[in-house]
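What follows is calculated from the coordinates using simple rules that are stated; it is not laboratory data. Quantities reported herein were computed from a predicted structural model and do not represent experimental measurements. Methodologically, a virtual Cβ is constructed for each residue, glycine included, from the backbone with ideal geometry; neighbour enumeration extends over all protein chains shown.
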Amino acid sequence: MTKTTAAARYARALLDVAKKEQADRAQIESQLAGFVLLLEQHEALSKALLNPAVPAPKKKSTVEAIVARLSLSPILGKLLVLLGEKDRLGLLPALLESYRQRLLDEQGVVRAEVTTSEPIAGDKASAIQETLARATGRTVELSTRVDPAIVGGLVAKVGGTVFDASVSGHLQRMKQRLEESI
């Protein structure tokens, strides 16, 4: 089982239990992000918790102490202790990303990244966001980036779908059709 698959399973379980217990799922996301940040910012702690040479019971007791000190949600605390016990704390960044994605899905929100050759004004970004919202039937969380290589137009990545309306994309498709017809 890959790390991403395992992290997705833990994220699904965390969200399911949070729903069942009617816990604040956004608060759990925030606390999980804080725990991941704690590991990123404290190198010694991270090395100890992620080092395979450190025995799992030691990791479990360390995580229990951190959970108690931070007063984390009991649901999240149990998961973190379980991950420490099973020596799976290395999954936390992927688990956080998967949990965030599931939370957005539950809320009817989709992430979209729009790439243009030049920076776009706020009103154009809003218009693109509204168009994508109508096309997907969901609320769109839009991020933009600039890549001069696309020459003009835009490339929108919505979830796992890519809409390429760039000049470079059109030229590439024209070239491919010409090569196929020769």
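Odds and ends about this structure:
- Theoretical gain in end-to-end length, Gln101 to Thr139 [0.36 nm per residue, Cα-Cα removed]: 12.3 nm
- Its alpha carbons considered, the chain gives a radius of gyration followed by a Dmax of 21.5, 70 Å.
- Lysine pairs meeting the criterion (Cα under 27 Å, 8 or more apart or interchain), as found in the chain: 29
- A simple charge model with +1 on the Cβ of Lys and Arg, -1 on the Cβ of Asp and Glu and nothing else charged puts the dipole of the range 8-90 at about 260 debye relative to its Cα centre.
- Put simply, the amide H of Glu141, placed in the peptide plane, has neighbours under 5 Å in Val110, Arg111, Ala112, leaving out anything fewer than 5 places away on its chain.
- Ranked list, fewest to most other Cβ atoms within 10 Å of each Cβ, for Ile120, Ile66: Ile120, Ile66
- With the convex hull of its Cα atoms as the shape, the range 108-181 has an orientation-averaged projected area of 5.4 nm².
- When the alpha carbon coordinates of the range 104-149 are projected onto the principal axes, the ranges are 35, 17, 15 Å, largest first.
- Helices in the chain, meaning DSSP H runs of at least 4 residues, each add -39500 (n - 2.57). Divided by all residues, the mean residue ellipticity at 222 nm is -20500 deg cm²/dmol.
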